[in-house]
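Beneath this line is the structure, given in structure tokens, with notes to follow.
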Amino acid sequence: MSKTALITGVTGQDGTYLSRYLLRLGYRVCGVVRRASLPNTARIDPLLADAREGKIPFALMSGDMTDSGGLHRILEETEPDEIYNLAAQSHVRVSFDTPEYTADVDGLGPLRILDAIRTLGLAEKTRFYQASTSELFGKVRQNPQTETTPFYPRSPYASAKLFAYWTVINYREAYGIFASNGILFNHESPLRGESFVTRKVTRAAAAIKLGLAEKVSVGNLDACRDWGHAADYVEGMHLILNAEKADDFVLATGETHSVRELVETAFHLAGFDLIWKGSGIDEIGLDRKSGRILVEIDPKFFRPTEVELLCGDATKARKILGWRPKRTFRDIIEEMFQFDFDALS
Ligand code: NAP
Ligand code: GDD
């Protein structure tokens with residue numbers, strides 16, 4: 001009998017990669033989709049087409065992380081072996097504008113699912129994965145960050161995820177549910193949302209190369225992130241839920257790069273050699289050859305409180321789960337730039 005996986009956030013970047021991966025492993029996959037006024041299934045449309053032809057066991061159910069009754073019904077109907085809770089208002093900058101909504105979806109949402117597992121008597125059967133985040137480390141207390149580094153959240157998003165992180169541990173200890181946190185550092189891909197910095201920059205570099213845009217406006221160039229590839233990280237999620245015991249794991253590459261390096265790398269792929277002039281909000285990035293301004297700063301992309309540096313140590317995941325990332329920062333930016341260049345051409 002194949003296992004059934006329930007994925008919330010199935011229409012997102014990670015939900016799409018995870019669905020493909022679990023289907024390849026022989027799982028039946030059921031995804032939770034929220035109602036939208038226009039279709040929100042673009043990333044998973046190829047899977048839906050295959051499912052319609054009966055080629056893969058992939059199905060969708062309507063639900064929302066803010067709706068306990070609906071989530072309860074979905075669990076009752078699917079009785080999944082594994083739940084991957086990926087649904088979230090996942091944009092850190094946006095969480096400052098929608099703090100209460102973010103807390104509801106990202107903080108209370110996982111609690112609603114865990115409590116449904118408990119009240120439906122699924123504690124023995126259903127394993128629960130929570131998409132925790134390196135944003136928990138925030139104003140970092142120690143470098144690199146491990147599972148034992150103290151947290152210091154710096155946004156409504158991170159505070160909501162902190163509540164969820166401890167709720168997972170509480171339900172594990174109180175009710176014996178196999179519930180684990182994956183503390184994942186940033187992971188990217190051609191399916192990354194277009195307002196996250198990697199995708200925004202690779203798309204802009206491709207558009208400028210093609211003459212479709214003049215320049216790009218960004219925020220903090222000096223923030224540093226540990227960027228991996230989503231395809232590698234969803235394999236880690238599966239390993240976390242299939243470990244001998246429920247536990248919490250950091251998944252990271254151990255390398256950190258600044259937004260400035262990201263911009264230079266993407267523009268280099270587009271054939272531009274960037275030089276920087278000025279400082280603060282007056283800093284600009286110019287093409288060395290033509291002197292054309294390609295990058296400028298717009299303070300609207302700054303955050304009221306910023307996470308300046310993230311760099312993870314995934315030794316525990318390597319030792320216990322045998323997980324290690326395969327793709328490098330350069331591989332990821334190349335793949336994303338090429339995808340955007342082909343799509344815009
Ligand atoms: P994403 O692309 O933004 O996808 C988020 C998913 O959540 C989408 O399917 C979205 O649906 C769904 N969603 C949002 N609000 C919902 C609601 N109220 N009810 C039901 N579904 C809702 O995010 P991602 O990059 O794949 O990340 C997946 C998870 O990992 C998130 O929880 C994120 O916070 C966490 N995480 C991500 C990273 C990273 O670097 N990517 C790192 C650490 C942790 P729509 O398509 O309808 O918007
Ligand atoms: N989005 C964005 N847009 N970020 C910018 C920009 C810009 O124009 N310019 C500079 N940045 C900086 C941000 O200030 C931040 O320091 C960094 O680039 C990365 O921003 P994002 O790509 O928006 O990602 P994030 O690190 O805030 O959050 C992502 O990773 C978290 C894991 O650490 C999201 O995927 C979260 O859901 C995830 O938990």
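The values are calculated or read from the model by the stated rules, or taken from the named source; none is laboratory data. All of these numbers come straight from a predicted model, not from anything done at the bench. Reconstructed Cβ throughout: ideal geometry from the backbone, glycine too, with neighbour counts over all protein chains shown.
Things to note:
- Residue within the range 109-126 that is among the hydroxyl-bearing types (S, T, Y), within 13 Å of ligand 2 (Cβ to nearest atom) and either surrounded by 20 or more Cβ atoms within 10 Å (Cβ to Cβ) or farther than 21 Å from E306 by Cβ (or both) present: no
- Any hit, the range 204-223, residues being in a strand (DSSP E or B), within 16 Å of ligand 1 (Cβ to nearest atom) and out of contact with any Asp or Glu (no Cβ under 7 Å at 6 or more places or on another chain): no
- In summary, helices (runs of 4 or more DSSP H) completely within the range 66-181 and bearing 3 or more residues that are over 26 Å from T41 (Cα atoms) and touching a residue at least 60 places away in the same chain (Cβ under 8 Å) occur at 156-175.
- For L309, the stated conditions hold: it is among the aliphatic types (A, V, I, L, M) and out of contact with any Lys or Arg (no Cβ under 7 Å at 6 or more places or on another chain).
- If you go through the range 52-69 and keep only what is within 16 Å of ligand 1 (Cβ to nearest atom), under 24 Å from F178 (Cβ atoms) and surrounded by fewer than 18 Cβ atoms within 10 Å (Cβ to Cβ), you end up with A59, M61, S68.
- Flag if D106 is among the acidic types (D, E) and under 20 Å from T133 (Cα atoms): yes
- Qualifying residue in the range 231-239 (condition: of a type in the set (D, E), assigned to a helix (DSSP H, G or I) and without any contact (Cβ under 8 Å) to a residue 60 or more places away in the chain): no
- Any hit, the range 245-265, residues being within 30 Å of R118 (Cβ to Cβ), at pLDDT 95 or above and touching a Phe, Trp or Tyr at 6+ places or on another chain (Cβ under 6 Å): yes
- Check on R52, under 17 Å from L122 (Cβ atoms), over 22 Å from the mean Cα position of the chain (by Cα) and without any contact (Cβ under 8 Å) to a residue 24 or more places away in the chain: no
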